[in-house]
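Each reported figure results from applying straightforward, stated rules to the coordinates on display, with no laboratory input. All of these numbers come straight from a predicted model, not from anything done at the bench. Note: ideal-geometry Cβ built from the backbone for every residue, glycine included; neighbour counts use all protein chains shown.
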Amino acid sequence: MVHFESDYNNGAHEAVLRHLVETNDERTQSYGDDRFSQQARKLIREALEAPDAQIWFLAGGTQTNATIIDCTLQPYEGVLCAETAHINVHEAGAVEFTGHKVIALPAHEGKLDVEELRTWLKAYYADDTAEHMVRPGMVYITFPTELGTLYTAEELRALHAVCQEYGLLLYVDGARLAYGLAASTDVTLPLLARLADVFYIGGTKCGTLCGEAVVFPDGQCPSHMLSRIKRHGALLAKSRVVGVQFEALFSKAGNETLYMTIGRHAVQLAMQLHRLFVERLGYRPFIDSPTNQQFYVIPNEDLKLLRRHIGFEVWCPVDEGHTACRFVTSWATTAREIEELELSLG
């Protein structure tokens, strides 16, 4: 059985685990003041080309989204996102639990359309009863999206411009950022640092046991951020556990960080999987994704056969005879697994 259910159904990259073991016996400060977290911050700032960036380490994606959105918005503000966004669909109302409304707009292959966003904002501010409504305070996007699609640099600049025009924060969920950067032709970490007010670099789905690195690129995070994070139950006493892992991810082997190597590896194998499913098996893509999340339309009679050889996620019905399914590669996927899958499927 080859497993493509998700990119967090495994442990951690060998280099990350090795660094955890090598540093295990050292006594350090707590709550992010340890030398490993400080070094990880230094390496991340260098990768971002953002020397003033403030960086906080949290444990997981949903925790990060709920904490950061609540910490950066006023109590009466909400967050705009695509209707397919993680905070709107797969986080069990975590953002709403903090008191902030999630305002969903139409999704186009997982993405927000900048002109639809502008139209919505114009209508909101033209409404005489706007003061009685939830005020928009933030635009939330993911890179890559829930469907594995990517914003171009031009689209990100356009979203940034609209946010600047209306005084909104632009927040980028980077749970799978390594894979998005590896697949993109024009989006880089430095570009993201210039355009986003806050974003996070995903670790949990990109080679760590756990952990996300929240970045305020210009250093303008809310006051008393440590207290705010702790109030949300999100402050790690052993923050070094995440800091050590990000130190490993952002250390370079040659000219490239391990984080980028992980991303490229998963995307390359996703393209091999794509060739197998489309060219060999004749399945059509459900959506054209260049990242590690691949979606295919599978005849229902083939699902049982596939499940004998491969773990995957059923996404949604397409019609009476077909189902869209998701197959995800990661840093842990091997070329041998793809070869074994191809042999087993004949």
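Each distinct pair of alpha carbons in the stretch 195-346 adds a 1/r term; the inverse of their mean, the Kirkwood radius, is 18.2 Å. Extending 7 Å from Cα along the Cβ direction at Glu131 and again at Thr152 yields two label points whose distance is 4.3 nm.
Of the peptides 223-234, 173-184, 11-22, the order by per-residue mean of other Cβ atoms within 10 Å, starting with the highest, comes out as 173-184, 11-22, 223-234.
Put +1 on the Cβ of every Lys and Arg and -1 on every Asp and Glu Cβ in the stretch 14-255; which of Ala126, Phe250, Pro136 then has its Cα farthest towards the positive end of the dipole? Projecting each Cα onto the dipole axis, the largest value belongs to Phe250. Restricting the calculation to Cα atoms, the stretch 276-321 yields a radius of gyration followed by a Dmax of 10.6, 28 Å. Relative protection proxy for 292-303, 140-151, from highest mean packing down: 140-151, 292-303 (other beta-carbon atoms within 10 angstrom).
The H on the amide N of Glu5, modeled in the peptide plane, is under 5 Å from the matching H of Val328, each at least 5 residues off or on a different chain. Largest GNM mean-square fluctuation across Gly219, Gly202, Gly60, computed for the chain with C-alpha springs under 10 Å, falls on Gly219. Under the convention that each Lys and Arg Cβ holds +1 and each Asp and Glu Cβ holds -1, the size of the dipole of the stretch 202-331 around its Cα centre is about 540 debye.
Zone of Tyr31 (label point 7 Å along Cα→Cβ, backbone N under 14 Å): which residues in the stretch 240-281? Output list for this probe position: 240.
Per residue, the convex hull around the alpha carbon atoms of the chain comes to 143 Å³. For the stretch 320-330, 3J(HN,Hα) computed residue by residue from phi via the Karplus equation (6.51, -1.76, 1.60; θ = phi - 60°) reads 5, x, 9, 9, 7, 10, 10, 10, 10, 9, 8 Hz, glycine and proline entered as x.
Residue ranges 310-322, 204-216, 158-170 sort as 204-216, 158-170, 310-322 when ordered by packing (mean number of other C-beta atoms within 10 Å per residue, highest first).
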